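Take a look at the structure below.
The values are calculated or read from the model by the stated rules, or taken from the named source; none is laboratory data. Bear in mind the structure is a predicted one, so any value in this text is a computation, not a measurement. All Cβ positions, even for glycine, are placed from backbone atoms using ideal geometry, and neighbour counts span all protein chains on display. Note: accessible area is taken over every heavy atom of the protein model, side chains too, but ligands, DNA and RNA are not part of it. Shrake-Rupley method; radii C 1.70, N 1.55, O 1.52, S 1.80 Å.
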Amino acid sequence: MDRLVTTVRPYAWGSTTAIPQLLGQEPTGEPQAELWMGAHPGAPSRVDRGDGERSLAEVIAADPRRELGAATVERFGPTLPFLFKVLAAGHALSVQVHPTLEQARAGFAAEEARGVPLDAPHRNYKDANHKPEIICALSDFDGLCGFRAPAATADLLDSLGLPALAAWTEVLRTRPEEEALRTVLAEVLGADRERTAAVVGEVAEALEKGAAGDGPHAATCAAYATAARDYPGDPGIIAALLLNHVTLRPGQALYLDAGVPHAYLSGLGVELMANSDNVLRCGLTPKHIDVPELLRVVDFHATAPAVLHPVTVPGADGEERYPAPVQEFRLSRYRLTGAGRTPDRHTVDGRTPQILLCAAGEAELTDAAGRTLTLSGGQSAYLPADGAESTLTGTDALVFRATVPL
């Protein structure tokens, strides 16, 4: 097992305090948005096996079968198939959607054939992989997820009392679901930004008023008003109004499949995804929006957010798993409560590659050879797929496990 040396990504939307607090460090005043754990080339973790720090990606590439196990390599190739993160949103992230595996492969190949540089601002596909993901709240966590039923969105727009939205309200009430959602999103994102500036301003003011009231949409308006303040003048706020608002409590999670538009607004969470960085944006961002490609990838069906709760698995020695229909990763957790102050002990299966993250308290990890590693808040460990069981102990700790569900 290896203690991971991790990288924090300083995206502008990041919280200035949440990740430092998790790590027990003093804030620097700069945003700290994501702490990455894994072997993604964008910011691979590092390990030290006695000869200095090396990239985990390099370690795996040198002997993928030893590190990942034959079954993982045969199914996903010689790379760790997931990326694990701690995400700290101090401001709203962009509304975005991820492609299917087939769409990612085709889009990546097409941009490679056209010679679009990987770091070009208008590049859509950074790799040939899909990016299903799961987010689990460590604090109260606000987000947007999936299209709201068109009639319910029409009610929300009507509550804002803006004549400029009447045409879209009519579309949402009268046309079939898929056609209605596609039409409104295409018109919002395809409109001239200067021409829509006045409407966007009116929407932002109406959301502030709605948030200050006591009507049925007050909480939803408050969430959108926060996003509008984060991105003044951005027409993406109107696109965001098409989506469900959801608040996760600590321990609750959401699974986000391909084609589902979503955005994270605020809070601290653990995020696990396929090893990809493919994102198509729909708004609330200064970055490139490829409207035709976006409309090809988005799934235009209304879906209510399905909040996930951890499930105790018989025979898994206290491991609580978050069910998600994906092959590349599985998220689970161990709650080490130490009833009677006797340390909880859990056996951790070693047949697949995995990363363990201590999200609270302090836990001790012991491998089959008796070597120990102590993990405190924000610290993580990588365990190769050597088949040997490890033991996790603690009296007051929360540990998340990312692994491959073979």
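Observations on the model:
- With respect to (1) surrounded by 15 or more Cβ atoms within 10 Å (Cβ to Cβ); (2) touching a helix residue (DSSP H, G or I) at 6+ places or on another chain (Cβ under 9 Å); (3) not in a helix (DSSP H, G or I), the lone exception for TYR255 is condition (2).
- Residue in the range 34-49 that is touching a residue at least 24 places away in the same chain (Cβ under 8 Å) and more than 22 Å from THR7 (Cβ to Cβ) present: no
- Test for ASP119: is it modelled with pLDDT under 95 and out of contact with any His (no Cβ under 7 Å at 6 or more places or on another chain): yes
- So ASP299, is it under 24 Å from PRO78 (Cβ atoms) and acidic (Asp, Glu): no
- Residue, modelled with the highest pLDDT, within the range 298-336, restricted to residues that are touching a strand residue (DSSP E or B) at 6+ places or on another chain (Cβ under 7 Å) and of a type in the set (S, T, N, Q): SER332
- The residue that is surrounded by the most Cβ atoms within 10 Å (Cβ to Cβ), counting only those in the range 266-291 that are among the hydrophobic types (A, V, I, L, M, F, W, C) and assigned to a strand (DSSP E or B), is LEU272.
- Looking only at residues of the range 115-164 that are in contact with an Asp or Glu (Cβ under 8 Å, 6 or more places away or on another chain) and farther than 20 Å from VAL246 by Cβ, we find that the one that is surrounded by the fewest Cβ atoms within 10 Å (Cβ to Cβ) is HIS122.
- The one condition in (1) in a loop (DSSP other than H, G, I, E, B); (2) among the basic types (Lys, Arg); (3) farther than 17 Å from LEU294 by Cβ that ARG123 fails to fulfil: (3)
- Taken over the range 334-371, the residue count meeting the criterion of being part of a strand (DSSP E or B) and on the phi > 0 side of the Ramachandran plot is 0.
- Residue within the range 308-318 that is in contact with a helix residue (DSSP H, G or I) (Cβ under 6 Å, 6 or more places away or on another chain) and either aliphatic (A, V, I, L, M) or more than 27 Å from ALA106 (Cβ to Cβ) (or both) present: no
- A single entry from THR174, THR169 fulfils the requirement of being polar (S, T, N, Q), modelled with pLDDT of 95 or more, more than 30 Å from GLY14 (Cβ to Cβ) and buried (at least 16 other Cβ atoms within 10 Å of the Cβ): THR169.
- The lone exception for ASP234 - which of (1) in contact with a Leu (Cβ under 6 Å, 6 or more places away or on another chain); (2) of a type in the set (Asp, Glu); (3) surrounded by fewer than 16 Cβ atoms within 10 Å (Cβ to Cβ) it fails: (3)
- Any hit, the range 84-103, residues being over 15 Å from the mean Cα position of the chain (by Cα) and open to solvent by less than 20 Å² (accessible area, probe 1.4 Å): no
Residues checked against (1) assigned to a loop (DSSP other than H, G, I, E, B); (2) without any contact (Cβ under 8 Å) to a residue 40 or more places away in the chain; (3) β-branched (Val, Ile, Thr):
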residue	(1), (2), (3)
ARG195	no, yes, no
VAL199	no, yes, yes
ALA206	no, no, no
GLY210	no, no, no
THR220	no, no, yes
ALA223	no, no, no
PRO232	yes, yes, no
VAL246	no, no, yes
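- Some residue of the range 301-321 being part of a strand (DSSP E or B) and among the small types (Gly, Ala, Ser): yes
- Listed by first and then second residue, the pairs linking a residue in the range 372-387 that is on the phi > 0 side of the Ramachandran plot to a residue that is modelled with pLDDT of 95 or more and open to solvent by less than 20 Å² (accessible area, probe 1.4 Å), with Cβ atoms under 8 Å apart and 6 or more places separating them unless they lie on different chains, are GLY378/ILE19; GLY378/LEU35; GLY378/VAL86; GLY378/LEU357; GLY378/CYS358; GLY378/ALA359; GLY387/GLY69.
- Checked against (1) over 30 Å from LEU23 (Cβ atoms); (2) touching a residue at least 24 places away in the same chain (Cβ under 8 Å), LYS126 meets all criteria but (1).
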